[in-house]
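The values are calculated or read from the model by the stated rules, or taken from the named source; none is laboratory data. Because the structure is predicted, anything quoted here is derived from the model rather than measured. Using ideal geometry, Cβ is built from the backbone for each residue, glycine included, and neighbour counts are taken over all protein chains shown. Surface accessibility is based on the protein's heavy atoms, side chains included, excluding ligands, DNA and RNA. Shrake-Rupley method; radii C 1.70, N 1.55, O 1.52, S 1.80 Å.
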Amino acid sequence: MNIQALINDKVSQALEAAGAPAGSPAAVRQSAKPQFGDYQANGVMGVAKKLGTNPREFAQKVLDVLDLDGIASKTEIAGPGFINIFLSEEFLAKQAEVALADARLSVAAEEQKTIVADYSAPNVAKEMHVGHLRSTIIGDAVVRTLEFLGHKVIRANHIGDWGTQFGMLIANLERVQKESGEVSMELSDLEAFYRESKKLYDEDEEFAARARNYVVKLQSGDEYCAEMWKKLVDVTMVQNQRNYDRLNVSLTRDDVMGESMYNDMLPGIVADLKQQGLAQEDDGAQVVFLEEYKNKDGEAMGVIIQKRDGGFLYTTTDIACAKYRYETLGADRVLYFIDSRQHQHLMQAWTIVRKAGYVPEEVSLEHHAFGMMLGKDGRPFKTRAGGTVRLADLLDEAEERAIKLIESKNPSLDAEEKSNIANTVAMAAVKYADLSKHRTTDYVFDWDNMLAFEGNTAPYMQYAYTRVSSIFAKAGIPMDNLAGEIKVTEEKEKALIAKLLQFEEAVQSVAREGQPHIMCSYLFELAGQFSSFYEACPILNTEDESVKQSRLKLAALTAKTIKQGLSLLGIETLERM
């Protein structure tokens, strides 16, 4: 149950009954401090100002008609007209029982929408590097959350698998095959192959001419070139899938929707934009002039959709892409997890999409931009030699560091368990360090913080889960075999339940805003509330069996909530560490 939404509805009804205009915002929020209750309604002052009345007097009118029977134990007016709402212990206990008995922890499924999520998007014939990490794991966390809420989610891995570079790659692949027979599907270093192709292209005129010829052939559907191109895509995706599997990212080969997919649509789109009068010829190119974007002279900015030589641009592909996602995939909402530097490019493409009528306004196109991953020097994260960090190398180092960490904490583990724990902790640490930061900000990559057992980190959260689970191991009682009712007798119990029941609010916020850090913050606060409860409220040592069962139920609900929350982030838990 979303308690915030429930109270918001009740306060909205009371506002209207007290004389506020229909649809006046109740502005109910979680209270920042316990002395202000569990929730606070902040909408009264804005309404009172519009009505030209005293806010505290109007707040009293709202309270007189506010029906929170069976929900709140107390309501009060604070400051200039805030309404503080204190939830009743009986209500909290009842909702906690409902959540514990429900496999979904009382999180309601939403009305199903078809949502397309564009994320990861590496390039063909290049290894994934750390620059692909943020899009991949942020997108995956949001996708998992949307699916949990009951939506039909279509993952779109928009790989860079088209363009002039494929001429030189095919020409080089042909050269290697002639010299050494079949090319291995283990192109162990795709970057080196790419660099070698580029060098040949720049230095060998005969090779460059062949490469240019292959571009034309590939684009016109030549069978040999198409076969070579497919081989390059396959080799790349085999390597990428290893990274996805290691990271516990839910992308598969079936989710690949590369630039090549939209190739056949591009001539028709240019022709249609010309027919609609949106595109016009300018110096031999086809250009859409947008009044919404001005150049430095204050003139409408021209967006090229077809070059003088007939070639298409990324913008043309992105127009086709949005059109396809609405018309063919039936999207109600499209999310793009793409670097913040691409914002203007996307906005221009979408402005054209809307003007052309390819995607109606009610279908939302959302750029969920993200900042950069920086080194401790505040510059983009690089190797010591100043090169790009391969994602596979980063994950290897994470595992090596995690093994040392686990050995120092628990040296008695056998080799297999140690390896499994280290792998789980390592991948969680890399992901959580990123996901716990606000998506739009740059963040500093720091091994020490990432693998710390203190603070808002993956090891801390995984250990918090293990610690709660261990209570049941000590008690010799299965988590799903608890009797009696949840009772609230202590303030710390009440605070823990109130936090547990905010899980749905966190889930919905992540889905709505595309911000996984909201879930990380929620889980970290929940772990802190459980620690306070655990210190103040003995569980296994309490004399009263009914109190013991009640507290074990709160521990079970905490463990299940942490596990589910981490699962939505794509992070696995461990029963022991």
Share of segment 373-443's accessible area from carbon and sulfur, percent, 1.4 Å? 46 percent
Considering the values [x] 96, 60, 49; [y] 86, 70, 41; [z] 73, 63, 44, which represents Cα extents along the principal axes in Å as calculated for the structure under consideration? [y]
How about segment 238-340: which trypsin sites (Lys or Arg not before Pro) there are in a DSSP loop, with at most 16 other Cβ atoms within 10 Å of their Cβ? LYS296, LYS307, ARG308
Ratio for segment 164-257, C-alpha Rg to 2.2 N^0.38 Å, reads 1.16
Between MET372 and ASP446, how many nm apart are label points set 7 Å from Cα along the C-beta direction? 1.9 nm
Give the ranking of ILE486, ILE304 by solvent-accessible surface, highest area first, calculated with a 1.4 Å probe. ILE304, ILE486
Using Cα pairs closer than 8 Å and at least 6 residues apart in sequence, work out the relative contact order for segment 3-87, in percent. 31 percent
Could you work out how far the C-alpha centroid of segment 235-268 sits from that of segment 29-57, in angstrom? 49 Å
At 1.4 Å probe size, with every protein chain present, just tell me what the per residue accessible area of the chain comes to in Å². 45 Å²
Note to self: C-alpha centroids of segment 399-424 and segment 82-118 sit apart, in Å, by 37 Å
Go through SER436, THR489, LEU566 and say which Cα lies farthest out towards the positive end of the charge dipole of segment 391-569; charges sit on Cβ, +1 for Lys and Arg, -1 for Asp and Glu. THR489
Output needed for segment 500-541: three equivalent-ellipsoid semi-axes, defined as square roots of 5 times the C-alpha gyration tensor eigenvalues, in descending order, whole Å. 27, 9, 5
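For segment 233-319, what % of the accessible area comes from carbon and sulfur atoms, probe 1.4 Å? Mind dumping the intermediate values first?
Values: 2010 of 4440 Å².
Here it works out to 45 percent.
Just to be sure I understand: of the beta bridges DSSP finds with both ends in the chain, what percent are antiparallel, rounded to 5? Write out the running numbers ahead of the final one.
Details: 25 of 43 bridges.
DSSP beta bridges in the chain are roughly 60 percent antiparallel.
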What longest region of the chain stays clear of GluC sites (Glu not before Pro) that DSSP places outside H, G, I, E and B and that have at most 12 other Cβ atoms within 10 Å? 187-298
Give or take rounding to whole Å, what are the principal axis extents of the alpha carbon atoms in segment 503-577, in descending order? 46, 26, 17
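Quick check: with the 1.4 Å probe, what order do MET1, MET257 take by accessible area, largest first? Spell out each step's value before the answer.
Values: MET1 75, MET257 20 Å².
My answer, sorted largest first, is MET1, MET257.
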SER12 - accessible surface, heavy atoms, 1.4 Å probe, Å² rounded to 10: 40 Å²
For ALA322, what charge total do you get from the other residues with a beta carbon under 15 Å from its beta carbon, if Lys and Arg give +1 and Asp and Glu give -1? -4
Calculated from DSSP helices alone, with each H run of at least 4 adding -39500 (n - 2.57) and the total divided by the residues of the chain, [θ]222 nm to the nearest 500 comes to -16500 deg cm²/dmol
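Go through LYS548, LYS355 and list them by solvent-accessible area, largest first, probe radius 1.4 Å.
Values: LYS548 40, LYS355 90 Å².
Heavy-atom accessible area, descending, gives LYS355, LYS548.
R0 = 22 Å: FRET efficiency of LEU329 with ARG512, Cβ-based, nearest 0.05? Display every interim value, and only then the final one.
Numbers: r = 21 Å, r/R0 = 0.95.
Using R0 = 22 Å, I get an efficiency of 0.55.
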What residues have an amide H closer than 5 Å to that of VAL303, excluding those fewer than 5 places away on the same chain, when H is modeled at 1.01 Å from N in the peptide plane? VAL288, PHE289, LEU290
Full-extension gain in nm, ALA271 to GLN344, via 0.36 nm per residue minus C-alpha separation: 23.9 nm
Kirkwood Rh and Cα Rg combined as Rg over Rh, evaluated for segment 391-569: 1.00
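Report, to the nearest whole %, how much of the accessible area of segment 3-87 belongs to carbon and sulfur atoms, 1.4 Å probe, protein only.
Details: 2140 of 4310 Å².
Reported share for carbon and sulfur atoms: 50 percent.
Using R₀ = 22 Å, calculate the FRET efficiency as 1/(1 + (r/R₀)^6) where r is the Cβ-Cβ separation of HIS438 and LYS33; round to 0.05. Don't jump to the answer; show the numbers that get you there.
Working: r = 23 Å, r/R0 = 1.02.
Computed FRET efficiency for HIS438 and LYS33 comes out at 0.45.
Before anything else, pin down the relative contact order of the chain: Cα pairs under 8 Å, at least 6 apart, normalised by residue count, whole percent.
Values: 890 pairs, mean separation 86.0, N = 577.
Taking the mean separation of contacting Cα pairs over the length of the chain, I get 15 percent.
Sequence gap at least 6, Cα distance under 8 Å: using those rules, report the relative contact order of segment 349-497 to the nearest whole percent.
On the way: 109 pairs, mean separation 31.5, N = 149.
Value for segment 349-497: 21 percent.
Can you give the extra length, in nm with one decimal, that the chain gains between ASP480 and ASP9 once fully stretched, where that is 0.36 nm per residue apart less the Cα-Cα distance?
Details: separation 471, 0.36 × 471 = 169.56 nm, distance 3.40 nm.
In short, 166.2 nm is gained.
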Suppose R0 equals 56 Å; then what is the FRET efficiency for SER408 and THR164 from their Cβ-Cβ distance, rounded to the nearest 0.05? 0.60
Tell me the accessible surface of ASP297 in square angstrom (1.4 angstrom probe, heavy atoms of protein chains only), to the nearest ten. 120 Å²
ASP377: accessible area at probe 1.4 Å, nearest 10 Å²? 100 Å²
What are the ³J(HN,Hα) couplings of segment 364-372, residue after residue, when phi is run through the Karplus curve with 6.51, -1.76, 1.60 and θ = phi - 60°? Round to Hz, x for glycine and proline. 8, 9, 10, 8, 8, 6, 9, x, 9
